[in-house]
Structures are given as structure tokens and as C-alpha cells.
Amino acid sequence: MRTRLALGALIFAFIHPQSIQPPNLPFPPVATFSILGYDPATGEVGGAVQSRVFSVGNGVLWAEADAGIAATQAIVDVSYGPKSLALLRAGMTPAAIVKAVLESDPDPRPADWTKEGRQFAVMDARGNYAAYTGPKATTWAGNKGGKFCTAQGNILAGEGVVNGMVDAFEKGDGHLSMRLMAALDAGQAAGGDKRGMQSAAMVIVKKNGGVWLNNDVVLRLQVDDSEEPLKELRRVVEKWNAQRRRR
């Protein structure tokens with residue numbers, strides 16, 4: 001009887017992966033895949049993200065011109081974003097920042113929100129980067145680095161998600177926004193978030209790179225709730241690129 005119950009639970013988890021979460025969590029972890037990227041031709045740095053959670057752009061991506069960009073996800077501590085930007089401004093390397101942020105994390109809720117389940121990545125304004133995936137991040141979880149890019153995710157279909165994202169970014173052309181978009185699409189094509197899709201976001205920065213005066217935000221987009229967030233994000237990215245070319 002116990003064997004049948006265990007088998008039944010395993011089958012349910014396979015069919016309903018959204019039910020899988022580390023024990024004791026007060027609510028499901030934010031399953032996410034993201035990519036940070038740099039374009040040496042323009043000096044722009046940016047990131048893009050997709051998740052089966054409402055408004056993933058509200059807290060995952062943090063960017064500042066002449067500093068860099070950070071993504072904080074999985075067992076999320078949103079403070080990792082602004083902390084990383086502050087240390088980038090202070091001149092620390094991404095690898096040193098990852099180490100410093102983790103070591104300074106007091107881990108206030110180890111029983112139900114452990115820092116060992118966190119995942120984050122940091123990239124400076126020249127495309128140097130570092131990433132971390134905690135040993136207790138919900139599987140599949142991991143990160144993959146490429147040329148001027150790093151992809152990371154948790155509760156994914158498998159390693160092919162981050163591998164596909166890096167490959168698409170490296171092989172992509174056009175504006176940085178199109179290469180980031182290609183990476184998200186490739187990640188989803190490889191299985192993406194095991195729980196499905198709901199929201200997506202993108203941000204790109206460069207000193208005085210935005211429209212109007214004193215605007216460092218080249219592009220900031222959010223799709224907060226959609227059955228096809230990547231399709232909607234691509235529509236807006238392509239429209240922005242078409243308008244940019246006409247200027």
C-alpha cells in the first residue's frame with residue numbers, strides 16, 4: 001500500500017511540477033530563468049527574465065548605467081539587487097560581489113527561506129560577470145556563462161534551457177534587446193519553467209542612452225500577467241526596434 005501511495009505521489013509530481021517545492025516553504029518559490037548580456041559595440045548592458053509568477057519584473061532585474069546589472073531569483077532576497085549595484089559602483093568585481101553578498105546575508109529564515117536556495121548573477125558595465133546557484137535551489141537549477149552573457153534559472157525543464165539561452169544570445173544579431181529576446185525564446189523552446197509561463201521583463205541601460213534628457217534607461221518593459229508573456233514581450237521589443245530605426 002505504501003509503495004502504491006509513494007508511486008502515486010511521484011506520478012502526481014511529474015504531471016503537476018508546480019506542486020514541487022522544497023519542504024517548509026511558506027509559498028512556492030519564484031521559478032525563473034533570466035539572462036544578463038552586454039554589447040561591446042554600443043556599451044549597453046541589460047537583462048531579460050521570464051517566470052510562472054505574477055510580475056517577475058518587479059524585483060528580479062536591477063540595472064544602473066556605468067555600474068552594471070544584477071538578477072536575484074529562486075529563494076529570493078530582493079536586497080541582493082541594490083546591494084550588488086552599490087558594490088559595482090564601489091568598483092568591486094562581479095565575482096567578489098557574489099562572494100560578499102552571500103557572506104553578508106544573515107540568513108534570517110533558514111528553516112523556510114534559506115539563503116542556500118538563492119540564485120543570482122552580477123554583470124558589470126564592461127560585460128564581466130559572475131553567477132551563483134545555491135545547493136538548495138529547486139531543481140533543475142543552474143547557470144551557464146557565455147561570451148558577454150550569463151543565463152540562470154531554477155525549476156527548469158533541464159540544463160538545456162540555460163545552454164539554449166547562451167547559444168541563442170551568442171549567435172544572435174541586431175540590437176541587444178533582440179539578442180536578449182532570442183535567448184528567452186530559446187530557453188522556453190527548451191522547456192523553460194516547468195510550471196509554465198506568466199510574466200516577463202527586460203531592462204537595458206547606458207549612460208544617456210535613453211530618449212529625453214538625462215535618461216540612462218534605453219529600454220524597460222514588463223509583461224505582468226499573460227498566457228503568452230514572451231509573445232507579448234517580443235511584440236513590444238520588435239515595435240521599439242522598428243521605431244528606433246526610423247529615428
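Cross-link candidates for LYS99: which lysines have Cα within less than 24 Å, leaving aside residues fewer than 8 places away along the same chain?
LYS83, LYS115, LYS136, LYS144, LYS147
What aspartates and glutamates sit close enough to LYS239 to cross-link, taking a C-alpha to C-alpha distance under 12 Å and skipping anything fewer than 8 places away on the same chain?
Within reach: none.
Stick to Cα atoms and the Kirkwood definition of Rh, then tell me Rg/Rh for region 87-143.
1.02
So what is the orientation-averaged projected area of region 76-220, using the convex hull of its C-alpha atoms, in nm²?
Here the figure is 9.5 nm², rounded to one decimal.
Per residue of region 176-181, in order, report the coupling 6.51 cos²θ - 1.76 cosθ + 1.60 (Karplus, θ = phi - 60°) as ³J(HN,Hα) in whole Hz, putting x for Gly and Pro.
Listing the rounded values in order: 3, 4, 6, 6, 5, 5 Hz.
Using only the Cα atoms of the chain, what do you get for the radius of gyration and for Dmax, in Å?
Over the chain's Cα set, Rg and Dmax evaluate to 18.0, 70 Å.
Any read-out appearing in this document is the output of simple, stated calculations on the displayed coordinates, not a laboratory observation. It should be emphasised that the depicted structure is a prediction, and the values quoted were computed from it without experimental measurement.
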